[in-house]
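The values are calculated or read from the model by the stated rules, or taken from the named source; none is laboratory data. As the structure is a computational prediction, the values presented were derived from the model and not from experiment. Quick reminder, even Gly has a Cβ in these numbers, built from the backbone with ideal geometry, and neighbours come from all protein chains shown. Note: accessible area is taken over every heavy atom of the protein model, side chains too, but ligands, DNA and RNA are not part of it. Shrake-Rupley method; radii C 1.70, N 1.55, O 1.52, S 1.80 Å.
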Amino acid sequence: MATRIDGKAIAAALRGEIAAEVAQLKEKGVAPGLAVILVGEDPASCTYVRNKQKACEEAGIHAEQINLPADTTQEQLLAVVEELNHRSDIHGILCQLPLPRHLDDEAVIAAISPAKDVDAFHAENVGHIMIGDIRFLPCTPAGVMELLHRSDISVEGKQCVVIGRSNIVGKPMAMLLLHENATVTICHSRTKNLAEVCRGADILVAAVGRAKFVTADMVKPGATVIDVGINRDENGKLCGDVDFDAVEPIAGAITPVPGGVGPMTIALLLKNTLTAAKQQNGLA
Ligand code: GUN
């Protein structure tokens, strides 16, 4: 039976460390500030944004939520970003994705000042991640690395398989694993013999966005299984990309959903906001 990696507890510990650093920074006269832009009222996005806001407040970070109507134009959204780029009390800017269909995600990401891009989605920051000169950590992948580190699971020399090639998770996940000397395979919808490739993994990271996609036959006995997915199952219950009940008896370690990777993503966002505030005040 696998050890459960308790993301909720690990994230709480990390948030505590960040809160202590925020308090120290405030003593130096710098109060970190994050602006979170939400366009429209997608229920999942509303929940994520609320959780981010709450975590900021608990860590002593000023969080400003900017709610824009679903029919906001591209020009209006870009004007909001531009204003935030110039505000000295706002160190981090996050625009919750996905945006309504008429808006251009890429253009909005490109408009955020790279110095304030706490999601690390801007091409400049993606480039820094690629070459290993990291300014802002990609939140979800860095959250996964933190879970592994704090569970004493080394990736060096291991076979790591990432399922999913998104810009938000799959690609930066592969880079962080590679920087720590893992042998990395990225799988996707066109991968042949997916189950066989996954069975070769010492560490399997599922970031597909499909409920219970990873089944027991895809997991090597004793492997570490990290579930990045947040889906609803056939009964509307929250579940990951991994068929947890079937995989738990086989894996060596596994993250649950909820309570695994999710809380870590938010903790890393706080860490990036702290980093941004330090960098913009010559303290990093
Ligand atoms: N939508 C889903 N995950 C994320 C994230 O990490 N950042 C932003 N901005 N939007 C998201």
Rg over Rh of the range 173-284, using C-alpha atoms and the Kirkwood radius, what does it come to? 1.06
Ratio for the range 76-184, C-alpha Rg to 2.2 N^0.38 Å, reads 1.19
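With an 8 Å cut-off on Cα pairs and a minimum separation of 6 or more residues, tell me the relative contact order of the range 128-284 in percent. List each step's numbers first, then the result.
On the way: 305 pairs, mean separation 34.1, N = 157.
Reported relative contact order: 22 percent.
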Where Lys and Arg each count +1 and Asp and Glu each count -1, what net charge lies around residue 189 among other residues with Cβ under 12 Å from its Cβ? +4
In Å², rounded to a whole number, the accessible area per residue of the chain with probe 1.4 Å is 46
For the chain, convex hull volume per residue from C-alpha positions, Å³: 126
On alpha-carbon atoms, Rg over Rh for the range 6-135 using Kirkwood Rh? 0.98
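Give the shape of the range 218-284 as rounded, prolate or oblate, defined through the alpha-carbon gyration tensor: a ≥ b ≥ c are the square roots of its eigenvalues, a/c under 1.5 means rounded, and otherwise the shape is prolate if a/b is larger than b/c and oblate if not. Present the calculation step by step, with values, prior to reporting the outcome.
On the way: a/c = 5.03, a/b = 2.13, b/c = 2.36.
Oblate.
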Which net charge results for the neighbourhood of residue 40, defined as the other residues with beta-carbon distances under 15 angstrom from its beta-carbon, given Lys and Arg at +1 and Asp and Glu at -1? -3
In the chain the DSSP beta bridges are antiparallel at a rate, in percent to nearest 5, of 5
Total formal charge among the other residues, if their Cβ is under 15 angstrom from that of residue 139, Lys/Arg +1 and Asp/Glu -1: +3
By DSSP, what percent of the beta bridges with both residues in the range 190-284 are antiparallel, rounded to the nearest 5? 20
0 to 90° range, to nearest 10: angle between helix 170-179 axis and the chain longest Cα axis: 80
Enter the angle in degrees (range 0 to 90, nearest 10) between the Cα long axis of helix 7-27 and the first principal axis of the Cα atoms of the chain, meaning the one along which they spread out most. 20
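Mind checking the alpha-carbon convex hull of the range 175-226 and giving the volume per residue in Å³? Each step should come with its number before you reach the end.
On the way: hull volume 4.6 nm³, N = 52.
Dividing the Cα hull volume of the range 175-226 by its residue count gives 88 Å³.
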Carbon plus sulfur fraction of accessible area for the chain, probe 1.4 Å, in percent: 52
Bin width 10 Å, origin at 0, all Cα-Cα pairs of the range 132-191: what percent of pairs per bin? 23, 57, 18, 1
Per residue of the range 138-144, in order, report the coupling 6.51 cos²θ - 1.76 cosθ + 1.60 (Karplus, θ = phi - 60°) as ³J(HN,Hα) in whole Hz, putting x for Gly and Pro. x, 4, 5, x, 5, x, 5
The set of residues whose placed amide H lies less than 5 Å from the amide H of residue 3, leaving out same-chain residues fewer than 5 positions away, is 253, 254
